[in-house]
Amino acid sequence: MAIVLKSKSFQRNLLFSIGGVFLLFAICFSVYQYQREKEYKIDILHSRLQMYNYEMVQTIGEDSLTNNRLFRDYVERHSMEGLRVSIIDKDGLVILDSYETQVDSLGNHLQRTEIQQALHHGNGYDIKRLSQSTHETYFYSATRFGNVIVRTAVPYSAELTRSLQADSTYMYYAIVLTLLLGVVLYYITHRISRHIGYLREFAMKAEEGQQLDHELERRLPDDELGDISHTIIMLYWKLRHSEEDKIRIKRQLTQNAAHELKTPAASIHGYLESILDHPDMPEDKKKHFLERCYAQSERMTKLLLDMSALTKLDEMDDSRTDTRQAYLQVNVGAIVQNVLEDTSLQLNEKHITPSIQMPKHVEVQGDASLIYSIFRNLIDNAIAYATGASRIAIICNEVEHEGRHFYEFQVSDDGPGVEPKHLEHLFERFYRIDKGRSRKLGGTGLGLAIVKNAVAVHGGTTTALSTPGGGLTIKFTLARF
């Protein structure tokens, strides 16, 4: 029930906020439109009176505007209901008036609004001003012609008031449209609220650890919001499975590590126990046992170092953004040369000849020690397992993917290679093609896993391929500096 109330509260808030903004916009627009229409009708009336002024000047003549007889003859012939016409000089004194013959009593009109506008702009008007002489309310329109101003005025009758009022019909359409949009807005907010209710229910079940089924997915509508909800649910499932996979991998790593450490530890224990139980053991046999103990302890040390390296890589992968900010410019060519120098004795013993095909300046942004471990593990892996190989080739090419530039490296040997069914598993921790292979050859089963994780924290990918003609090729990418 709490979920429904929360969803309803969200729907109400969303509806009121969006509806309030729209309603405010509709009111402002209506007021603006009302004022515009009213001004438009006033402009029409002002234009009509201006036409009257111009026609009178054209008929009488600008020089004869102050002629009383011509002025009154024209006004009588072109009379309109309630129309009042005045001739005013630029000092505001009334020269002629169609209502009042004694113009001296009319006073100075210089400060009247329409007169000031006419003097400055050529014409002007004033709305609903009370006449001091007739005590009626007029609409005034004035036009300047040289040194005189022709002013016409019409009384504010009920008919004129109605004609100047804005047409409010569009207001009814606006109200009806607002109501229709309100209904549509309610429907949309209801749908959004329903989607949020689904997701909230799913989140509460996930938080409480309840058994989650696919009922929620079946109830989601088939639209964009439904797709988003479905994506969120699927991301949850992927995240949950990813966490479960991490736990499984860590548990498997612990089990495998214990299994791998058990054999050398048991061997060391057995050799030392034999030495302690037989103090009269010949020196050559005792030395052999001690050498075997030393060899097994070295194996344990390498295994622990590899496990520590993998743990460090896992932690770097969890905070990859912060880690990459600390990366520096690394010269890969120099690192490859160092690796080949450090493994030269093992390569000579196996009669393996290395070859390098790389551009002069290959620089990437990363951690030098991790990049060293990538090439070192790959060379060690080839030395240990590429039985009968005569060469190791290290090739580098520049590639572009999705607008980013990478260096693609290939480390290939011409040994017996690996069956295709094992290729996708080579980078798994403690994976063995032959169950006894790693122990016989001294490997820990973690070398290629370290390679894959070290490449991953540098934003690259790793792939195992069969070398054409026989052998194994490890291909990986590093982002160009």
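Checking the stated criteria, THR143 turns out not to satisfy the condition of being touching a helix residue (DSSP H, G or I) at 6+ places or on another chain (Cβ under 9 Å) and assigned to a helix (DSSP H, G or I). Scanning region 463-478 for residues that are of a type in the set (A, V, I, L, M) and surrounded by fewer than 17 Cβ atoms within 10 Å (Cβ to Cβ) gives a single hit, LEU465. Check region 78-90 and report whether any residue there is in a helix (DSSP H, G or I), modelled with pLDDT of 75 or more and either surrounded by 14 or more Cβ atoms within 10 Å (Cβ to Cβ) or among the β-branched types (Val, Ile, Thr) (or both). Looking for residues that are in a helix (DSSP H, G or I), modelled with pLDDT of 75 or more and either surrounded by 14 or more Cβ atoms within 10 Å (Cβ to Cβ) or among the β-branched types (Val, Ile, Thr) (or both), one finds none in region 78-90, hence no. A single member of GLU224, GLU207, GLU136 is at pLDDT below 80 and either under 23 Å from LEU106 (Cβ atoms) or surrounded by 11 or more Cβ atoms within 10 Å (Cβ to Cβ) (or both), and it is GLU136. Of all residues in region 17-42, those that are farther than 24 Å from ILE127 by Cα have Cβ atoms under 9 Å from Cβ atoms of residues that are among the aromatic types (Phe, Trp, Tyr) and open to solvent by 80 Å² or more (accessible area, probe 1.4 Å), 6 or more apart or on another chain, in GLY19/TYR186. Hey, could you check region 91-112 for residues that are in contact with a strand residue (DSSP E or B) (Cβ under 6 Å, 6 or more places away or on another chain) and among the small types (Gly, Ala, Ser) and say which is most open to solvent (accessible area, probe 1.4 Å)? Of everything passing the filter in region 91-112, SER98 is most open to solvent (accessible area, probe 1.4 Å).
Check ARG48, ARG72 and return the single one that is under 20 Å from THR143 (Cβ atoms), under 60 Å from the mean Cα position of the chain (by Cα) and modelled with pLDDT of 85 or more. Going through ARG48, ARG72 in turn, the sole match is ARG48. Highlighted here are the helices (runs of 4 or more DSSP H) found entirely within region 260-361 that include at least 1 residues which are at pLDDT 85 or above: 283-318, 332-342, 344-349.
Filter region 53-65 down to the residues that are modelled with pLDDT of 85 or more and open to solvent by 70 Å² or more (accessible area, probe 1.4 Å), then identify the one that is nearest to THR143 (Cα to Cα). Here the answer is TYR54. When region 102-128 is filtered for residues that are of a type in the set (Lys, Arg) and over 60 Å from the mean Cα position of the chain (by Cα), only ARG112 remains. When region 43-64 is examined, which residues are found to be within 16 Å of VAL154 (Cβ to Cβ) and either touching a residue at least 24 places away in the same chain (Cβ under 8 Å) or small (Gly, Ala, Ser) (or both)? Those that are within 16 Å of VAL154 (Cβ to Cβ) and either touching a residue at least 24 places away in the same chain (Cβ under 8 Å) or small (Gly, Ala, Ser) (or both): LEU45, HIS46, SER47, LEU49, GLN50, TYR52, ASN53, MET56.
The values are calculated or read from the model by the stated rules, or taken from the named source; none is laboratory data. Predicted, not measured: the structure shown is a model, and the values here were computed from it. For neighbour counting, all protein chains shown are included, and Cβ atoms are generated from backbone atoms with ideal geometry for every residue, glycine included. Protein only, heavy atoms only, side chains kept; ligands, DNA and RNA dropped before computing areas. Shrake-Rupley method; radii C 1.70, N 1.55, O 1.52, S 1.80 Å.
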